[in-house]
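Taking it in order: structure first as structure tokens, then the write-up.
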Amino acid sequence: VQLQASGGGLVEAGGSLRLSCVASGSTLSNYPVAWYRQAPGKERELVASITSEGGSNYADSVRGRFTVSRDNVWRRLFLQMNSLQPEDTAVYYCNVIYKGTAFWGQGTLVTVSS
């Protein structure tokens, strides 16, 4: 399984970004997938996850601002981020636990200026 994330960049506070993650190597349609982030000097944290049936879960800090979705046909995972704040600045990673092994994308940097 290979995951490749994209869509990060520099945005002003209050702005929006849409992250994408494309999976290759195996179909992930039967597995939950997730977005994590790691800010400088902090531990990696779960941002949002989505089950194979489309059920989603969010960290309290992003609920109501971020939306996770997936396209099983095109093997893509998305994270729509609205009302971005400086504290959302981090490297964002897509993740899947496939047959008991965790796979990570390379990360995409999101920088939110105040």
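A short reminder: the numbers here are calculations on the coordinates, not readings from a lab. Source: prediction; values computed, not measured. Note that each Cβ is placed from the backbone with ideal geometry, even for glycine, and that neighbours are counted across all protein chains shown.
Entry remark, region 39-86: residues being of a type in the set (S, T, Y), under 17 Å from I97 (Cα atoms) and more than 11 Å from the chain's Cα centre (by Cα) number 3 in total. Looking at region 32-90, the strands (runs of 3 or more DSSP E) lying wholly inside it that each contain 1 or more residues that are surrounded by 17 or more Cβ atoms within 10 Å (Cβ to Cβ) and of a type in the set (A, V, I, L, M) sit at 33-38, 45-50, 66-71, 76-81. The condition of being in contact (Cβ under 8 Å) with a residue 24 or more places away in the chain and surrounded by 14 or more Cβ atoms within 10 Å (Cβ to Cβ) holds for W104. In summary, E43 fulfils each of the numbered conditions (1) touching a Leu at 6+ places or on another chain (Cβ under 8 Å); (2) closer than 26 Å to S113 by Cβ with the single exception of condition (1). Filtering region 49-87 to residues that are touching a Lys or Arg at 6+ places or on another chain (Cβ under 8 Å) and touching a residue at least 24 places away in the same chain (Cβ under 8 Å) leaves I50, R70, R76, L77, F78, L79, Q80, M81, N82, S83, L84.
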